[in-house]
Amino acid sequence: MIGLIIGALGLMLLGYGVFVEPHLMQVRHIKIAEQQKLTIAHFTDTHFTWHTSARRFKKFAEDIAKRQPDMIIFSGDLFDKVTWARHKNWENLLTMLSALTAPLGKFAVLGNHDFDEEKSSLFVEELLTKAGFIVLKNESIVREVDQKKIAIAGVDDWREGQPDFQLAPLDADFSILALHEPDTVLEMQTVEQFDLILSGHSHGGQIRLGNWRLRNKGSSSADSGLYPLNARTKLYVNCGIGLTFLPIRFGVKPEIVYYEL
């Protein structure tokens, strides 16, 4: 009898991890500063694949549209496998991504899953660009609003790309760095020049039971939430939206984050 109860409980938890939690949406609001009076929407790690269709993104797109952020940032891993994705029709996804609007722009950086077997990210870059995103690869630009300058920089992927660890922000009142793997900051030589660093990659562990979680290369130093790196710089690790390796999320709801600057 005890064995049956344990088995039934295990099946219930497995069902929740496969059919319930991956379809939820956690909305977080993080106050970083008050002087800019801006809102940035940050999503990451959609990992669209056979078990995670573009429809999964609809509620996130609707939430962004409702909240009307000043800037939108995507920090990588649009698809789970580029080789698989390039043979599929992504018109619905392109429509949703194109409909996202922000007066200061939409920006993206590449993740390790955005590269194919030949180390090319062209397919993902072209789709994001067509949707109106500016893909930042080792570059920094500035946007200005109400006589305030906001610098946004993006580093190429730490695992599959060619990141510039000396990338510095342009002169601005507030500086943001977007990257994919949190461990990138361990090699960045300019961390102290940024106010806010945004990352993803870890999925918060994707399966998390208390202090135990799945771990992956690139998020050993930070895997979920806000981390002060020094007196000036904060790192936020977004738990992302999609799934990889196993089609399960448990204890780590898909999230979208809004930063108040």
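The values are calculated or read from the model by the stated rules, or taken from the named source; none is laboratory data. Being a predicted model, the structure only gives us computed values, none of them experimental. Note that each Cβ is placed from the backbone with ideal geometry, even for glycine, and that neighbours are counted across all protein chains shown.
Just one of (1) touching a strand residue (DSSP E or B) at 6+ places or on another chain (Cβ under 9 Å); (2) surrounded by fewer than 22 Cβ atoms within 10 Å (Cβ to Cβ); (3) part of a helix (DSSP H, G or I) fails for Glu192. It is (1). Scanning the stretch 195-216 for residues that are touching a residue at least 40 places away in the same chain (Cβ under 8 Å), touching a Lys or Arg at 6+ places or on another chain (Cβ under 8 Å) and outside any loop (DSSP other than H, G, I, E, B) yields a count of 5. Which one is nearest to Ile256 (Cα to Cα), of the residues in the stretch 73-83 that are surrounded by 15 or more Cβ atoms within 10 Å (Cβ to Cβ) and over 13 Å from the mean Cα position of the chain (by Cα)? Out of the qualifying residues, it is Asp80. Of all residue pairs spaced 6 or more apart or on separate chains, those with beta-carbon atoms under 8 Å, a first member in the stretch 23-48 that is farther than 13 Å from Asp77 by Cβ and a second member that is surrounded by fewer than 16 Cβ atoms within 10 Å (Cβ to Cβ) and of a type in the set (A, V, I, L, M, F, W, C) are Ile30/Leu226; Leu38/Val145. Scanning the stretch 164-189 for residues that are farther than 24 Å from Gln35 by Cβ and either touching a Lys or Arg at 6+ places or on another chain (Cβ under 7 Å) or part of a strand (DSSP E or B) (or both) yields one hit, Glu181. Filtered by the rule that a residue be surrounded by fewer than 13 Cβ atoms within 10 Å (Cβ to Cβ) and closer than 23 Å to Glu160 by Cβ, the stretch 44-64 gives a lone residue, Trp50. Remark: pairs (first residue in the stretch 243-261, touching a residue at least 24 places away in the same chain (Cβ under 8 Å) and basic (Lys, Arg); second residue surrounded by 21 or more Cβ atoms within 10 Å (Cβ to Cβ) and part of a loop (DSSP other than H, G, I, E, B); Cβ separation under 8 Å; 6+ apart in sequence or on different chains) = Arg249/Gln206; Arg249/Leu243; Lys253/Cys239. If only residues of the stretch 146-172 that are hydrophobic (A, V, I, L, M, F, W, C), free of Cβ contacts under 8 Å to residues at least 60 places away in the same chain and closer than 29 Å to Met96 by Cα are counted, the one that is surrounded by the most Cβ atoms within 10 Å (Cβ to Cβ) is Val155. Within the stretch 65-72, one or more residues are modelled with pLDDT of 95 or more, surrounded by 15 or more Cβ atoms within 10 Å (Cβ to Cβ), under 27 Å from Ser140 (Cβ atoms) and touching a helix residue (DSSP H, G or I) at 6+ places or on another chain (Cβ under 8 Å). Among the conditions (1) modelled with pLDDT of 95 or more; (2) assigned to a loop (DSSP other than H, G, I, E, B); (3) among the hydroxyl-bearing types (Ser, Thr, Tyr), Ser219 misses just one, which is (1).
Filtering Ser175, Ser221 for residues that are in contact with an Asp or Glu (Cβ under 6 Å, 6 or more places away or on another chain), surrounded by fewer than 18 Cβ atoms within 10 Å (Cβ to Cβ) and of a type in the set (Ser, Thr, Tyr) leaves a single hit, Ser221. Restricting the stretch 97-145 to residues that are polar (S, T, N, Q) and surrounded by fewer than 17 Cβ atoms within 10 Å (Cβ to Cβ), the residue that is farthest from Ile176 (Cα to Cα) is Ser120.
Summed over the stretch 232-246, residues that are surrounded by fewer than 16 Cβ atoms within 10 Å (Cβ to Cβ) and either within 12 Å of the chain's Cα centre (by Cα) or modelled with pLDDT under 95 (or both) total 2.
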